[in-house]
1. Can you tell me how many residues in region 16-61 are under 20 Å from residue 89 (Cα atoms), in contact (Cβ under 8 Å) with a residue 40 or more places away in the chain and surrounded by fewer than 14 Cβ atoms within 10 Å (Cβ to Cβ)?
2. Modelled with pLDDT of 95 or more, buried (at least 17 other Cβ atoms within 10 Å of the Cβ), outside any strand (DSSP E or B) and not small (Gly, Ala, Ser): is that true of residue 103 in this structure?
3. List, please: which pairs have Cβ atoms under 8 Å, are six or more places apart or on different chains, and start with a residue in region 95-106 that is under 16 Å from residue 21 (Cβ atoms) and end with one that is assigned to a helix (DSSP H, G or I) and of a type in the set (D, E, K, R)?
4. Could you check, for region 30-41, whether at least one of its residues is modelled with pLDDT of 95 or more and in a helix (DSSP H, G or I)?
Amino acid sequence: MPSILARTLRRAQTPAEQKLWNLLRSRQLGNYKFCRQFPIGTYIADFACFHHRLIVEADGGQHAESQSDAVRTAALEKRGWQVIRFWNHEIMENADGVLAAILSELER
């Protein structure tokens, strides 16, 4: 079931997700491979670098102070993933800064 939802989410990306995917796809960032709308258990990560166990989330206003996001992040971290989040407006207005932050996490 998560794979069907992931496929649907790939087709309905937000503008910020589309922009970030265009910057991460095809190993454009430091030759790191990312997948989009990647199922992990019952969750679907916006973007995931499986080899480095890094999840990148693009969040809109509905995620502000979201308790469910905190629970989700804790569950993913318990599975060995690191989760970093960026607001959609950050991605749209400061893509270079977002990419630098992602690259910094990957190279740690």
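1. Number of matching residues: 1.
2. no
3. Listed by first residue and then by second, the contacts come to 95/19; 98/90.
4. no
The values are calculated or read from the model by the stated rules, or taken from the named source; none is laboratory data. The shown structure was predicted, so the numbers you read here are calculated from the model rather than taken from an experiment. Using ideal geometry, Cβ is built from the backbone for each residue, glycine included, and neighbour counts are taken over all protein chains shown.
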